[in-house]
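The block underneath contains the structure these notes are about, expressed in structure tokens.
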Amino acid sequence: MLEIKFLTEKSSLLLLAIISFLVYANTLGNDFNLDDTYYTAGNPLTTDGISAIPRIFSEATFYDGSGAGFDYRPVAAASFAIQHEFFGASPFAGHFINILIYLLTILVIFKLLLKWYTAANRITICFLITLLFLLHPLHTEIVASIKSRDELLSLLFCLLSLSVAFKYLGNNVENGKFYLLPLAMLLFALGLLSKYSILPFFFIYPLSLYFYGRLSLKKSVVVFVILLLILISCQALKASVLPSLDRNFSITENALVSEQYTLLHRIGTSFYIMGRYLLLHVFPKDLVFYYGANYVKVVTFSNVLALFSLFFHIALLIYCVKNLTKRSLLVFGILLYGTSMLVFSNLIELAPGMMAERFTYASSLGFCIVFVLLISIFYQKLISITKISPLFIVLFFAAAYTMRTYARNQDWKNKDTLFAHDVQVADNSAMVNFLYGDWLLASAIEENKRLQNPENSWLRPQIDERLKKAQFHFEKTLEINPKDSLALLNQANCFIQLAQFSQAEQVLKRAIDTYPDFVDARFSLALSQKYQNKNTDAIPNLQIVLHKNPYKVIAIEQLNRAQLAVGDTIAALKTLKQGTTANPNSPVPLAEFANYYLQVKDTVTAVAYAEKAAALPPPNRGIFLFLARYFESKGDASKAAFYYAKLQ
């Protein structure tokens, strides 16, 4: 019998808590990463702290660059608002809270398993199942990525709801305390409002009550209906906040959106993905932060893995149907695994990135249940075959998972370490290449600002190297998806940063030919033309940009300068007047007015505009310095000191 004799319930809980902390302790020194800014510094709601919680529940959780709201995860966002209230923008606090939530989830799972498994060696079996789940490397994305707290909270609230439901039922319904029933419903709603990842539990939740709460099939159906009503309520709340609940995927995100693929491709690819998930559950070696098009192939059943996966999962289904009335933990584990995988396989609904490690959070519990129970069932046969205790097999996997998890946590240290590692694993993923290139470009532009100080000229070769590496990864993206608009734009921006303007112009014209309304590409084209002194060519492109977006103040600035460069003063002043009217709270058109009047020697008017510009955010050091020196030259010490102070 598979048993560790010294284990007790209390010692198991203590060990699991300690191991949970130790295995993820090396994430505490990690920085923010990937999409963390969606919840942290980049989210104006959470950075307002606890006072923003009412707004968090009445507005979209995230906003894109255009200001459009998307998705609704208020419970997760509220947790970040509370965190920011007490700890500010601290990655350490974010990682520590994630570990704490994960630790609590582990303890709840162990307590639930003890309710579900009643054999003599129940403590050992439940401990080993929970231990493998705790250590599984597929969870590194969820724990090491601060943003994935929504996944952690979603499952924790769901499992707490299930635990309360079992407490309500007791040995029979009559012994239950009725206040526990609405509490269980509330906890499940909180799980949904953290993230909808617990959708598989609409089947698993009533199934567990049927198996271990000894509910009849009819009452289990009633539970399903109650959960469905909770979902409808949450969905109605979400719909009241968001203008649209639909999400459209690009081909880079999910290749199955392409019209060239049929239903047969979708079904074949879904089982292929389930096959890859199965391999990752057993051998979680090659882990990446994003899978996506090309790294995940679109296949039919001519693919060996897809065909094997089909027969394997059909066999699992047949076994479960035949043994359903036995209400065994093995059957429950298979159904937990299979249901979770089916929901995120792309068969029912397309998934972002086609597959992701965070989608395995619940299924990995089912896998660990099945794995340990099979070791226990075939205990004697394994001894006769291997000549070693089967306990060592479980502990071997536990040790291997520990080492892989610990190492993977280090990959998540920051964007540089994560992207540089994962692009080697998923070198044919369009999105991984794009995101790495995007990060390299953004960091190179940031470093480029330091070159304003002549002492930092030694940085130039490093910056150029980053830009060339970014170009390489954008080119890889375009090999997979030649019409990727953002990859085209960013590749051109790399050329601009490298002062290779004619090459940038070629790429941007290609982007505009494909997407005539691509405003950002047209603006970058105008910039590359200006840098080549092609102001006559740049002007119509900038005019189109402002026609599409009259609030783009940098386009106002560039159009004004291009018009002045070709001697069209009347048009330049008209551009600035229109820009000031459209953007009354922007200092940019006012600063351009000041520059113009300085050029025509009208210093008094220039100063008037400069003072107006200085009063508006963001601060402009050039304006402050000009005004300080001007008033100093005029003997106005008070005003000079005022503007010098702003330079500090």
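The values are calculated or read from the model by the stated rules, or taken from the named source; none is laboratory data. Here the structure is a predicted model, which means the values were calculated and not measured. For neighbour counting, all protein chains shown are included, and Cβ atoms are generated from backbone atoms with ideal geometry for every residue, glycine included. Calculation scope for accessible area: heavy atoms of the full protein, side chains included, ligands and nucleic acids excluded. Shrake-Rupley method; radii C 1.70, N 1.55, O 1.52, S 1.80 Å.
For the chain, the fraction of 1.4 Å probe accessible surface lying on carbon and sulfur atoms is 62 percent.
Find the percent of Cα-Cα distances in region 529-648 that exceed 18 Å, and round it to a whole number.
Looking at region 529-648, the distances longer than 18 Å represent 54 percent of pairs.
If you roll a 1.4 Å probe over the heavy atoms of the protein chains, what accessible area per residue do you get for region 155-289, in Å²? Provide the component values of the computation, followed by the final result.
Working: 6640 Å² over 135 residues.
In whole numbers, region 155-289 has 49 Å² accessible per residue.
What is the percent of Cα-Cα separations in region 205-296 that go past 21 Å? In whole percent, the long-distance tail amounts to 63. Kirkwood hydrodynamic radius of region 456-515, from the reciprocal of the average inverse Cα-Cα distance over all distinct pairs: 11.8 Å.
Average accessible surface for region 552-619: 50 Å² per residue, computed with a 1.4 Å probe over protein heavy atoms with every protein chain in place. With no solvent and one equal point scatterer placed on each C-alpha of the chain, evaluate the Debye formula and give log10 I(q)/I(0) for q = 0.06, 0.10, 0.12 Å⁻¹, two decimals. Scattering profile of the chain, log10 relative to I(0): -0.43, -1.02, -1.35.
Provide the per residue accessible area, probe 1.4 Å, for region 432-513, rounded to a whole number of square angstrom. Walk me through the intermediate numbers first.
Working: 4130 Å² over 82 residues.
That works out to 50 Å² per residue.
For region 237-345, the direction-averaged projected area of the alpha-carbon convex hull comes to 9.9 nm². Summary of the geometry: region 402-453 and region 618-648, compared by the centres of their Cα atoms, lie 41 Å apart.
When the alpha carbon gyration tensor of region 352-418 is reduced to an equivalent ellipsoid, its three semi-axes come out at 32, 17, 7 angstrom, largest first.
Farthest toward the dipole's positive end in region 386-439, which of Val425, Leu395, Thr405, given Cβ charges of +1 (Lys, Arg) and -1 (Asp, Glu) about the Cα centre? Positive-most Cα among the choices belongs to Leu395.
Each Lys and Arg Cβ is given +1 and each Asp and Glu Cβ -1; about its Cα centre, the chain then shows a dipole of about 1560 debye.
Per the Debye calculation on region 52-178 with a single equal scatterer at every Cα and no solvent contribution, log₁₀ I(q)/I(0) for q = 0.12, 0.19, 0.20, 0.22 Å⁻¹ amounts to -0.62, -1.11, -1.16, -1.26.
If you take all other residues with their beta carbon under 9 Å from the beta carbon of Ala572, and give Lys and Arg +1 and Asp and Glu -1, the sum is 0.
What separates the Cα centres of region 511-556 and region 467-495 is a distance of 19 Å.
Working note: Cα atoms of region 141-283, range along each principal axis, descending, whole Å: 58, 38, 34. With the convex hull drawn around the C-alpha atoms of region 104-149, the volume per residue stands at 64 Å³. Inverting the pair-averaged 1/r between distinct Cα atoms of region 291-438 gives 18.2 Å as its Kirkwood hydrodynamic radius. A simple rule links phi to the HN-Hα coupling: the Karplus curve 6.51 cos²θ - 1.76 cosθ + 1.60 with θ = phi - 60°, which for region 96-104 gives 5, 5, 4, 4, 4, 5, 4, 4, 4 Hz, with x for Gly and Pro. If you average the alpha carbon positions of region 151-222 and of region 107-143, how far apart do those two centres end up, in angstrom? Going from one Cα centre to the other spans 18 Å. In plain terms, the bigger the Kirkwood radius, the slower the diffusion; for region 415-478, with that radius from Cα pairs, at 37 °C and 0.692 mPa s, Stokes-Einstein puts D at 271 µm²/s. Each listed q (0.13, 0.30 Å⁻¹) maps to a log10 I(q)/I(0) for region 54-111, found by the Debye formula over equal Cα scatterers with no solvent: -0.47, -1.09. Calculated mean residue ellipticity at 222 nm for the chain: -21500 deg cm²/dmol, from DSSP H runs with n ≥ 4 weighted as -39500 (n - 2.57), summed, divided by the residue count and rounded to 500.
Relative contact order of the chain: what whole-number percent is it, with Cα pairs under 8 angstrom and at least 6 residues apart? Let's see the in-between values first.
Values: 908 pairs, mean separation 69.4, N = 648.
Computed value for the chain: 11 percent relative contact order.
Determine how many Å³ per residue the convex hull of the Cα atoms of region 18-95 encloses.
On the way: hull volume 7.8 nm³, N = 78.
Taking only Cα atoms, region 18-95 has a hull volume of 100 Å³ per residue.
For Val425 and Phe86 in one chain, what is 0.36 nm times their gap in residues minus the Cα-Cα distance, to one decimal in nm?
Residue separation times 0.36 nm, minus the Cα-Cα distance, leaves 118.2 nm.
Using all pairs of distinct alpha-carbon atoms, the Kirkwood hydrodynamic radius of region 86-128 works out to 12.2 angstrom.
Kirkwood Rh over alpha-carbon pairs of region 458-570, then Stokes-Einstein at 4 °C and 1.567 mPa s: what D in µm² s⁻¹, rounded to an integer? Please report the intermediate quantities before stating the final value.
Numbers: Rh = 14.6 Å.
D, rounded to a whole number, is 89 µm²/s.
Count the net charge of all other residues whose Cβ sits under 15 Å from the Cβ of Pro618, scoring Lys and Arg as +1 and Asp and Glu as -1. That sum, taken over residues with Cβ under 15 Å, equals +3. Between the residues Leu488, Leu564, Leu382, the greatest Cα displacement towards the positive end of the dipole of the chain, with unit charges on the Cβ of Lys, Arg, Asp and Glu, is found for Leu382.
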